[in-house]
Amino acid sequence: MKNAYLWLAQLVTGILVAVTLGIHMVWMHLDNILSALGIDANEPTSWSSMIQRSRDIVWATLYIALLAFVLYHALYGLRNILFELVQSRGIRRAVTWGILAFGILAFAWGTYVPVILLIK
Amino acid sequence: MREPHPKRKNYLGIMGWIWGGNYRIERYLYTLHRVTGLGILLFFLVHLCVTTFFRMQQQSWEAAMEILHNPWFKLGEYLVVLAFAYHSLNGLRLIIQELGFGMGKPAPPIYPYRDSLRKSRRWSMALVGTAALIALVFLYDFLVGG
Amino acid sequence: MKELSSKNITFKIRRYNPEKSNKTHFATFVVPTTRGMTVLDALLYIKENLDSTLAFRTSCRMAICGSCGMLINKYPHLACHTQIEELKTKTVTVEPLPNLPVIKDLVVDLSPLFEKHKLVKPYIIRADRPEMDNPTAEFAQSPEELESFLQFTYCVKCGICISACPTSATDKQFLGPQALAQCYRYCTDSRDDGERERFLLADSENGIWHCHLAGACSDACPKGVDPALAIQLLKRQLVARATNLLGKRELTPLVTPPVHSKPKLPFPQFTVNDKTDAREG
């Protein structure tokens with residue numbers, strides 16, 4: 001039942017991405033509406049605002065979680081599309097390992113930067 | 001057994017993902033789901049590079065943000081919001097229906113046939129349609145925020 | 001009484017003859033059609049009167065045999081089940097079903113479909129093998145249990161769902177809507193214990209997880225079988241088994257005792273006696 005678990009993880013990460021990315025999108029793009037509601041997003045793309053969020057443990061955790069969810073959801077989806085294009089077992093195996101390696105690298109790089117900013 | 005003559009391969013290929021004939025709306029939502037998914041993945045990779053490589057120094061970050069505040073990039077960002085709104089709500093519909101909820105029970109096929117997707121189309125399309133509402137809210141902020 | 005009016009309709013048919021050329025071309029025929037005439041009737045008219053070399057497969061003329069599936073005006077349908085009048089066009093394009101190899105003209109090779117259908121073991125598998133081979137009584141089933149899969153038994157194996165499926169358009173190894181729907185049909189049958197064997201196949205890399213609910217199979221199915229529904233219910237069943245969370249887990253007992261609400265009926269006598277039959281000897 002290996003593929004059933006992988007597929008189920010795709011659904012679960014899909015919901016989690018919708019929630020976490022929803023928070024991220026609302027915070028980054030709806031700053032005018034948020035300030036009208038009394039929440040100060042502090043010009044979200046400015047340097048001070050970015051550093052402030054990076055130092056905040058809640059925001060840093062949210063972003064790292066979002067990164068993990070998005071990477072799984074997107075790369076599993078990409079693997080699905082690629083599997084429908086190639087049928088050879090060898091290429092399929094190479095696709096799986098390539099995507100896995102890329103995902104781990106992207107996750108390592110994407111967490112390394114916020115973590116050192118959090119500590120600094 | 002020897003095959004006297006080669007058979008013609010007649011696979012639609014990738015065009016078969018896009019073109020579908022006179023099928024119902026779900027077939028095209030499927031294509032759009034794929035396109036938006038790949039689009040968001042592409043944006044995400046660029047976004048990951050931008051937000052990690054330029055965040056070490058204040059000057060480089062502010063220089064990068066200066067470029068990204070260009071109206072064309074704003075339009076691009078809005079397209080990502082649209083893609084996200086559609087992909088998440090259609091994804092929610094797919095999760096519900098692929099787990100067999102709201103699909104109804106097997107029914108005796110009596111002509112004219114009504115398949116399970118057709119029976120639930122009213123509410124499933126209402127669910128996907130709320131993406132337009134989300135898009136409008138974000139459009140307001142993009143216009144006000146400049 | 002109003003007389004049946006005849007209308008000339010142009011038929012554009014994609015021809016392919018490997019004996020002559022590897023290329024396909026469109027042949028045009030003008031067919032006088034009357035009300036109630038089907039596309040198959042027009043093809044038969046062409047074969048009888050205009051061009052006897054036209055190849056297509058047909059048998060029953062009443063949507064039972066599943067032979068005459070073809071792409072009519074870019075939509076897969078049974079030719080015998082499509083009236084020319086309902087197409088509402090002056091030109092009718094007829095092509096072989098896509099996503100299946102073409103042998104000649106409109107004749108497609110359905111063996112990939114049959115092979116995949118065979119793979120899902122489309123027959124009752126019992127845990128009690130001796131009972132399955134030599135039944136002593138009927139395998140009882142309630143009407144509700146029958147209705148849970150009855151719709152999916154109407155499949156005529158015409159290959160239309162496969163030509164409608166976007167996944168089958170690129171993935172030659174994908175089991176396809178037909179086989180997956182039949183997989184669910186047997187797995188949900190209360191008389192069957194073969195779930196584990198079939199789930200292994202449905203869960204494989206060419207299996208059910210490449211269905212993304214485009215819904216085209218159910219839309220095009222000429223028999224109202226609704227393969228998309230069967231596949232989504234099979235997904236639910238697989239997830240329920242994998243997580244042990246959703247739905248009820250019914251452990252199939254090693255020996256399924258048939259419910260004997262009525263006195264046992266003796267097995268009917270064979271009208272033809274075969275000496276090699278194990279039952280006799």
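The values are calculated or read from the model by the stated rules, or taken from the named source; none is laboratory data. All values derive from a computational prediction rather than experimental measurement. Heads up, the Cβs are rebuilt from the backbone with ideal geometry, glycines too, and the neighbour counts pull from every protein chain shown.
One line per residue, one yes/no per condition, for (1) farther than 19 Å from C:LEU97 by Cβ; (2) buried (at least 19 other Cβ atoms within 10 Å of the Cβ); (3) touching a residue at least 24 places away in the same chain (Cβ under 8 Å):
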residue	(1), (2), (3)
C:SER5	yes, no, yes
C:ALA42	no, yes, yes
C:ASP51	yes, no, yes
C:PHE56	no, yes, yes
C:ARG61	no, no, no
C:SER67	no, yes, yes
C:LYS74	no, no, no
C:ALA79	no, yes, yes
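When region B:1-34 is limited to residues that are of a type outside the set (Lys, Arg) and in contact (Cβ under 8 Å) with a residue 40 or more places away in the chain, the one that is farthest from the other protein chains (Cβ to nearest Cβ) turns out to be B:LEU32. Take region C:198-220 and flag every residue that is within 14 Å of chain B (Cβ to nearest Cβ) and of a type outside the set (Gly, Ala, Ser). Across region C:198-220, the qualifying residues are C:ILE208, C:TRP209, C:HIS210, C:CYS211, C:HIS212, C:LEU213, C:CYS217, C:ASP219. Taken over region A:66-92, the criterion of being more than 17 Å from C:HIS210 (Cβ to Cβ) and either more than 11 Å from chain B (Cβ to nearest Cβ) or loosely packed, with under 14 Cβ neighbours inside 10 Å (or both) is satisfied by A:ALA68, A:PHE69, A:TYR72, A:GLY90. If you filter region C:150-176 down to residues that are in a helix (DSSP H, G or I) and without any contact (Cβ under 8 Å) to a residue 60 or more places away in the chain, you find that the one that is nearest to C:MET62 (Cα to Cα) is C:THR153.
Among the residues of region C:221-234, which ones are at the interface with another protein chain (Cβ under 7 Å from one of its Cβ atoms), within 13 Å of B:GLU98 (Cα to Cα) and either in contact with a Phe, Trp or Tyr (Cβ under 8 Å, 6 or more places away or on another chain) or surrounded by fewer than 24 Cβ atoms within 10 Å (Cβ to Cβ) (or both)? Scanning region C:221-234 gives a single hit, C:LEU233. Here A:TYR63 passes the criteria (1) surrounded by 14 or more Cβ atoms within 10 Å (Cβ to Cβ); (2) more than 10 Å from chain B (Cβ to nearest Cβ) except the one numbered (2).
Only one of the numbered conditions (1) of a type outside the set (Ser, Thr, Tyr); (2) under 20 Å from A:ILE15 (Cβ atoms); (3) in contact with an Asp or Glu (Cβ under 7 Å, 6 or more places away or on another chain) is violated by B:GLU98, and that is (3).
What residue, among those in region B:82-131 that are assigned to a helix (DSSP H, G or I), over 11 Å from the mean Cα position of the chain (by Cα) and of a type in the set (Val, Ile, Thr), is nearest to the other protein chains (Cβ to nearest Cβ)? Filtering region B:82-131 for residues that are assigned to a helix (DSSP H, G or I), over 11 Å from the mean Cα position of the chain (by Cα) and of a type in the set (Val, Ile, Thr), the one nearest to the other protein chains (Cβ to nearest Cβ) comes out as B:ILE95.
Within the option set C:ILE160, C:ILE125, being at pLDDT 95 or above and of a type in the set (Val, Ile, Thr) holds for one residue only, C:ILE160.
If B:ALA63 satisfies every condition in (1) among the aliphatic types (A, V, I, L, M); (2) surrounded by fewer than 15 Cβ atoms within 10 Å (Cβ to Cβ); (3) touching a Phe, Trp or Tyr at 6+ places or on another chain (Cβ under 6 Å) but one, which is the exception? Condition not satisfied by B:ALA63: (3). Could you say whether any residue in region B:73-81 is among the basic types (Lys, Arg) and buried (at least 17 other Cβ atoms within 10 Å of the Cβ)? There is no residue in region B:73-81 that is among the basic types (Lys, Arg) and buried (at least 17 other Cβ atoms within 10 Å of the Cβ).
Just one of the listed residues (C:ARG15, C:ARG57, C:ARG61) is closer than 24 Å to C:GLN178 by Cβ, of a type outside the set (A, V, I, L, M), outside any helix (DSSP H, G or I) and touching a Ser or Thr at 6+ places or on another chain (Cβ under 7 Å), namely C:ARG57.
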